[in-house]
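S.K.: Sharing a structure with you now.
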Amino acid sequence: MMHRLIIAAFAIWIGAGAAFAVQPDEVLPDPALEARARVISKDLRCLVCRNESIDESNAELARDLRLLVRERLVVGDSNEETIAFIVDRFGEYVLLRPQTDGANQILWWAGPLLLLIAFGIGIGYLRGRAATIDHAPKGLSKDEEARLKKILED
């Protein structure tokens, strides 16, 4: 019983950090714009926390980015324009889901390609090893047995 209580308290404590990341003074009065801001904020990386969205982060830089997103939406930018503005300012690293076009395709395809190459090399190595083992002599020839007997008698 106590074990379940501790797990429940820990889960609430972990979830509470993200719940309080967006401060009340940041929330836009228009619910539609606020919903758009939340969607955008979930796709942007906190540059301090690294693998946390700015929507979940309590860092000052994340707060500044949240305010910047809301400012761009109030001005009238679309979601794509807002994201493009932030990427132009902070680089593509700010995206939690990197783009899959251009030079990034090298990164997206390098892992699977190297895995296939390694798999091919492994199969080639095992086949080559099996081929050399099959051609190995099975035992001593008659001449070698006679010579061995002679050596052992001496």
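The values are calculated or read from the model by the stated rules, or taken from the named source; none is laboratory data. Model, not experiment: these values are computed from the prediction. Positions of Cβ are generated from backbone atoms using ideal geometry, with glycine treated the same way; all protein chains shown enter the neighbour counts.
S.K.: Kindly indicate whether Ser57 is in a helix (DSSP H, G or I), modelled with pLDDT of 85 or more, under 18 Å from Glu26 (Cα atoms) and assigned by TED's automatic domain parsing to the domain that holds Val22.
M.R.: No, not satisfied.
S.K.: Would you point out the residue of the range 38-89, among those that are polar (S, T, N, Q) and more than 20 Å from the chain's Cα centre (by Cα), that is surrounded by the most Cβ atoms within 10 Å (Cβ to Cβ)?
M.R.: Here the residue is Thr82.
S.K.: Right, next: From the residues in the range 65-124 that are modelled with pLDDT of 90 or more and hydroxyl-bearing (Ser, Thr, Tyr), which one is nearest to Asp30 (Cα to Cα)?
M.R.: Ser78
S.K.: Separate question: State yes or no: is Glu71 in contact with a Lys or Arg (Cβ under 9 Å, 6 or more places away or on another chain) and either without any contact (Cβ under 8 Å) to a residue 24 or more places away in the chain or assigned to a strand (DSSP E or B) (or both)?
M.R.: no
S.K.: Further question on the same structure: If Lys150 meets every condition in (1) at pLDDT below 90; (2) not in a loop (DSSP other than H, G, I, E, B) apart from one, which number is that one?
M.R.: Exception for Lys150: condition (1).
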